[in-house]
1. Take the residues of region 444-468 that are within 18 Å of residue 637 (Cβ to Cβ) and surrounded by fewer than 17 Cβ atoms within 10 Å (Cβ to Cβ): which is farthest from the chain's Cα centre (by Cα)?
2. Test of understanding: among 222, 254, which residue is at pLDDT 95 or above and surrounded by fewer than 16 Cβ atoms within 10 Å (Cβ to Cβ)?
3. All but one of (1) in a loop (DSSP other than H, G, I, E, B); (2) in contact with a helix residue (DSSP H, G or I) (Cβ under 8 Å, 6 or more places away or on another chain) hold for residue 334; which doesn't?
4. If you go through region 349-369, how many residues are over 17 Å from residue 425 (Cα atoms), without any contact (Cβ under 8 Å) to a residue 60 or more places away in the chain and in a helix (DSSP H, G or I)?
5. Can you find a residue in region 259-277 that is in the same structural domain as residue 350 (by TED's automatic domain parsing), in a helix (DSSP H, G or I), without any contact (Cβ under 8 Å) to a residue 24 or more places away in the chain and in contact with a helix residue (DSSP H, G or I) (Cβ under 9 Å, 6 or more places away or on another chain)?
6. May I ask you to list pairs of residues, at least six apart or on different chains, whose Cβ atoms are under 9 Å apart, with the first in region 640-651 being assigned by TED's automatic domain parsing to the domain that holds residue 462 and modelled with pLDDT of 95 or more and the second being part of a loop (DSSP other than H, G, I, E, B) and surrounded by fewer than 19 Cβ atoms within 10 Å (Cβ to Cβ)?
7. Name the pairs whose Cβ atoms lie under 8 Å apart, with the first residue in region 682-693 and within 17 Å of residue 594 (Cα to Cα), the second part of a loop (DSSP other than H, G, I, E, B), and 6 or more positions between them or separate chains?
8. Kindly indicate the residue of region 495-505 that is exposed (fewer than 13 other Cβ atoms within 10 Å of the Cβ) and touching a residue at least 60 places away in the same chain (Cβ under 8 Å) and also farthest from residue 669 (Cα to Cα) among those meeting that condition.
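The values are calculated or read from the model by the stated rules, or taken from the named source; none is laboratory data. Quantities reported herein were computed from a predicted structural model and do not represent experimental measurements. Positions of Cβ are generated from backbone atoms using ideal geometry, with glycine treated the same way; all protein chains shown enter the neighbour counts.
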């Protein structure tokens, strides 16, 4: 919460000023006409003119460190902390010895949510200037996020020493809260006395005192402090909530409940309020009501990504009721949101053990197991709840369990059982999402049974159910296709060939990008290569998106900034990419990094500009099979995947993507290895050995066992999770021939690519 004192000061203090005009400047200072104009525009709050003047100066003087810092200040104050990160990083590359600039970069990184980079910047600032108050304050913020309370307190103490009276009060208040978290109540009380000497009439002081005394086990003193706070600010929701906490701690939950009733609307629905309601009802002996409020609080915390608070409350609930199936179910959902599939499965199993009749936990577990290719385990879960499922077809989780039954039966080639399970899904489905998943599953089943017309009807229904809510939420133009068209216009005018060379660019680590188009066999290749000890494979993670976001922050944005990048910019972009890949399992330069994301085909120009020695593995499959398979997949929609909900849109995205790829190949000196899915199926050893040779790693016999390794790894987060758990098979080759009548209208657009990639239209080969 932000408090505003009677003197107008905000707490916590905003120690984020990025430029000090009184500070010593570098010898590179150029007070050009552009800079003077930019400052004048800032003074009159003409942000557009200020930005234009600043960028004009920087285009002429890209290594003017002081102007870069001014750009950072302007960008931060005008709501562009991402650009401030770029400007400060570049200034520091030119003059790395400025503790002030390192600290400022730390605050810019905090503003964009990159807390690891922020901590690194603050630590560098403090290496140069250990007593710098702003850097210490920033480091304390990082430590608090990491729940390192003693380290946060020590950093705040260092920030406090040179602070002025106004900032000192705010820092002391924050220090009191940190010391409470660390359990250092006596030290916190000493700082309360210090804050009282600085600003004895501030409501923020009384609020901090109340929280301290309540945490320290002295609720009567806490209540007295909060009463003083209420007299000054009677309608502040957090003060009302704190009074309720004090009253409950004084064994008056009934009065506490009445105070909580004053909180309505968004304030009354906040998770910390529901949290306290649960405590009040528990103190009154209403265990069921308490659990209901606590569960609502947990859901609220998870929705806000406050996983630590949700986990702590779940620990409390399970300590009180270790046999609560509903609590264990929520534990599973929490762990799933955290990305811990093993912990989620364990929690759902515990929920089922507590109450075998609880279908929602069984459904979550069965869905996760099937997606992880643990088919027999998923079947066992369904068997445990089979009686309850038959008796209560409308219970929460029943539809999802029937859907898993259908998937298991289809994968086990029991079409009769699969159709029966889908009939149960149809009977119980209550929302469009359930009907959508059922439609796609029915399409897969009808395809497996050879009923092409029924399959197309089902896939069309599923795509319509997926597309309608997406279009309501994202009205307007097709952003993904518009971006491709824009790049095609640039490339068609020779723009790619006009990029100047970047001098003094050092080499980068061994790196390859696995690209192509969705459903072209990229997941198969990724799973094969991921088993090689010399390769670290990253599958469909937003690593390149981080790179793209960073370029967007530069003057001109993407793609206009690409020709103007210099060696300093490239070094910064490589660091951003390295942090992104490290967050997703990259273990360093000892191994070749293989970054698989099919639609990175659209960003090849960016990737080559930043990593000119990178290799590109281009996965190919018959274009008709590609677009048909995209249409048949139940994708989670985004701007790109929304183009796959009709065959016409899928073909348009495919052809325009391939056109851009050809421009990249013609204009840029790319190292490319194209590999066709059908050739891998026909000659696995030869094709994979050639691919290994291109990547500079030796062929290994054990690469053939990619399916076994995929099963051992568990969940694969792409629509191909079923296929890559199987050894090489041929039934997906040239599937489009069965659907030819549906693809006939699209063949004129696809024909050039069918021929370019070496496929015959009619004589497509044996299935």
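1. 464
2. The conditions single out 254.
3. Of the numbered conditions (1) in a loop (DSSP other than H, G, I, E, B); (2) in contact with a helix residue (DSSP H, G or I) (Cβ under 8 Å, 6 or more places away or on another chain), the odd one out for residue 334 is (1).
4. 9
5. No: region 259-277 contains no residue that is in the same structural domain as residue 350 (by TED's automatic domain parsing), in a helix (DSSP H, G or I), without any contact (Cβ under 8 Å) to a residue 24 or more places away in the chain and in contact with a helix residue (DSSP H, G or I) (Cβ under 9 Å, 6 or more places away or on another chain).
6. Once the first residue is assigned by TED's automatic domain parsing to the domain that holds residue 462 and modelled with pLDDT of 95 or more and sits in region 640-651, no partner that is part of a loop (DSSP other than H, G, I, E, B) and surrounded by fewer than 19 Cβ atoms within 10 Å (Cβ to Cβ) comes close enough.
7. Filtered contacts from region 682-693: 688/699; 689/699; 692/532; 692/698; 692/699; 692/700; 693/699.
8. Per the stated criteria, the residue is 504.
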